[in-house]
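Contents: one structure, followed by commentary.
The values are calculated or read from the model by the stated rules, or taken from the named source; none is laboratory data. Because the structure is predicted, anything quoted here is derived from the model rather than measured. So basically every Cβ, Gly included, is an ideal-geometry build from the backbone, and we count neighbours across all protein chains shown.
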């Protein structure tokens, strides 16, 4: 859907992902009557990104089922979609942005929800054919197409994207090698017990793991055929998926003078340091009490949606500071991992239940208080454990480890 040539929008939203879409939806739901326009770099209408490495990649869900809203929704609510357009500069003083084609658009309020771009492999050979990333629908389509004929697939990166993609590829019967530079998978987001569990699960499904190994270069005559480790060892590969994080898409705001760090720095109402400019979602860095008051940047649907609602409410004159507890999820094989809170800086990890039964939780504590839970096929623990995190509760570890006692009983003590 494309509107008439755009020159002004009362609220201009840069980015058509979860954050941008939710900001537009929240504004209309809140009664905002002015013009709203989403400018998206991709040609597709707003869609969900998590399924790209899960149900969409595996073919379980067609694209129509991962759209955030159907096409007619945006038209009925008079939310303009300017798709396939990239914002390259921002003039904060004149309240104006410029697209890559040179078109100028003025705004009353600007919501920057541009997310980020997949981080490329920082070594020679990263630009060879059949070396791909997974951030967009086009990426997922390309990866699925290339994987059909691939004989040896290498996944670089042992985070969520790498593990989820490896799981889908392994389930399809493809030989998969996963390489992680650190000494365990999920090392940046979880404790050793969870890492060990998922490593065992992937090995049991035929995924070959190379841990604590650095890639020196990729080789091939135009198309990748070899992965070379830093110690000189080589393995064959005719398809390489790079899943090593994202680079926040913040250059135009940074050039305009916005305060930045690991993302665009925002206050409790999602305002940047620039007048009438907000930032939300994967590109926004905020101060969080769930990270010991440090400034952090989260990549999750929950964070995107909640920030979008806070920004929309503030634009409509309703001040409600952002203070949502972080939560995440990951599907791998028949396992559903649900996380609430942030385990960074934990000093105690309590295993609740039996990992061998493939249904258990890990409760993280710091200085005697619950700060996060990782729940594997344990939905009740995940739902009930949120109160332990938000309540900053101090509970005996032996009590938390007793899986016969529901967590909701502990939260009420």
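Reported count of residues in the stretch 24-47, each being within 17 Å of the chain's Cα centre (by Cα) and within 17 Å of residue 309 (Cβ to Cβ), is 1.
Within the stretch 379-390, which residues are in contact with a strand residue (DSSP E or B) (Cβ under 8 Å, 6 or more places away or on another chain) and either crowded, with 17+ Cβ neighbours inside 10 Å or at pLDDT below 95 (or both)? If you could, list the steps in order and put the result at the bottom.
Step one: filter the stretch 379-390 for residues in contact with a strand residue (DSSP E or B) (Cβ under 8 Å, 6 or more places away or on another chain), giving 379, 381-382, 385-386, 388-389.
381, 382, 385, 386, 388, 389, listed by residue number.
Scanning the stretch 285-298 for residues that are over 14 Å from residue 344 (Cβ atoms) and outside any strand (DSSP E or B) returns no hits.
Which one is surrounded by the fewest Cβ atoms within 10 Å (Cβ to Cβ) among residues in the stretch 359-378 that are outside any strand (DSSP E or B) and touching a strand residue (DSSP E or B) at 6+ places or on another chain (Cβ under 7 Å)? Checked the stretch 359-378; the qualifying residue surrounded by the fewest Cβ atoms within 10 Å (Cβ to Cβ) is 368.
Inside the stretch 171-191, residues that are surrounded by 20 or more Cβ atoms within 10 Å (Cβ to Cβ), over 20 Å from the mean Cα position of the chain (by Cα) and in contact (Cβ under 8 Å) with a residue 60 or more places away in the chain make up a count of 0. State whether one or more residues within the stretch 218-238 are without any contact (Cβ under 8 Å) to a residue 12 or more places away in the chain, within 30 Å of residue 353 (Cβ to Cβ) and surrounded by fewer than 20 Cβ atoms within 10 Å (Cβ to Cβ). Checked the stretch 218-238: no residue is without any contact (Cβ under 8 Å) to a residue 12 or more places away in the chain, within 30 Å of residue 353 (Cβ to Cβ) and surrounded by fewer than 20 Cβ atoms within 10 Å (Cβ to Cβ).
Would you pick out the residues in the stretch 391-413 that are part of a helix (DSSP H, G or I) and surrounded by fewer than 17 Cβ atoms within 10 Å (Cβ to Cβ)?
Just the residues of the stretch 391-413 that are part of a helix (DSSP H, G or I), to begin with: 397-400, 407-411.
397, 398, 399, 408, 409, listed by residue number.
Pick from the stretch 119-165 the residues that are free of Cβ contacts under 8 Å to residues at least 60 places away in the same chain and surrounded by 15 or more Cβ atoms within 10 Å (Cβ to Cβ): which of them is nearest to residue 47 (Cα to Cα)? For the stretch 119-165, the residue satisfying everything is 142.
In the stretch 105-117, which residues are outside any loop (DSSP other than H, G, I, E, B) and crowded, with 19+ Cβ neighbours inside 10 Å?
Residues of the stretch 105-117 that are outside any loop (DSSP other than H, G, I, E, B), as a first pass: 105-112, 116-117.
Scanning the stretch 105-117 gives 105, 107, 109, 110, 111, 112, 116.
Scanning the stretch 313-330 for residues that are more than 21 Å from the chain's Cα centre (by Cα), more than 24 Å from residue 19 (Cα to Cα) and touching a residue at least 60 places away in the same chain (Cβ under 8 Å) turns up nothing. A search for C-beta distances below 7 Å between a residue of the stretch 258-275 that is at pLDDT below 95 and any residue that is outside any loop (DSSP other than H, G, I, E, B) and buried (at least 18 other Cβ atoms within 10 Å of the Cβ), counting only pairs 6+ apart in sequence or on different chains, returns 261/285; 262/285; 262/297. In the stretch 43-100, the qualifying residues are those that are in contact with a helix residue (DSSP H, G or I) (Cβ under 9 Å, 6 or more places away or on another chain) and on the phi > 0 side of the Ramachandran plot, and the one that is surrounded by the most Cβ atoms within 10 Å (Cβ to Cβ) is 78.
I'd like to verify a number: residues in the stretch 216-262 that are assigned to a loop (DSSP other than H, G, I, E, B) and either over 21 Å from residue 100 (Cα atoms) or touching a strand residue (DSSP E or B) at 6+ places or on another chain (Cβ under 7 Å) (or both), how many?
Let us first name the residues in the stretch 216-262 that are assigned to a loop (DSSP other than H, G, I, E, B), namely 220-222, 224-225, 230-233, 237-238, 243-245, 249-250, 256-259, 262.
Pick out the ones that are also either over 21 Å from residue 100 (Cα atoms) or touching a strand residue (DSSP E or B) at 6+ places or on another chain (Cβ under 7 Å) (or both) and you get 220-222, 224-225, 230-233, 237-238, 243-245, 249-250, 256, 258-259, 262.
Number of matching residues: 20.
Read through the list (1) surrounded by fewer than 20 Cβ atoms within 10 Å (Cβ to Cβ); (2) at pLDDT 95 or above; (3) not in a strand (DSSP E or B), then give the number of the only condition that residue 319 fails. In the conditions (1) surrounded by fewer than 20 Cβ atoms within 10 Å (Cβ to Cβ); (2) at pLDDT 95 or above; (3) not in a strand (DSSP E or B), residue 319 misses (2) alone.
For residue 103, are the conditions met, namely being within 21 Å of the chain's Cα centre (by Cα) and at negative phi? In short, no. Taken together, the residues in the stretch 135-194 that are under 29 Å from residue 346 (Cα atoms) and assigned to a helix (DSSP H, G or I) amount to 11.
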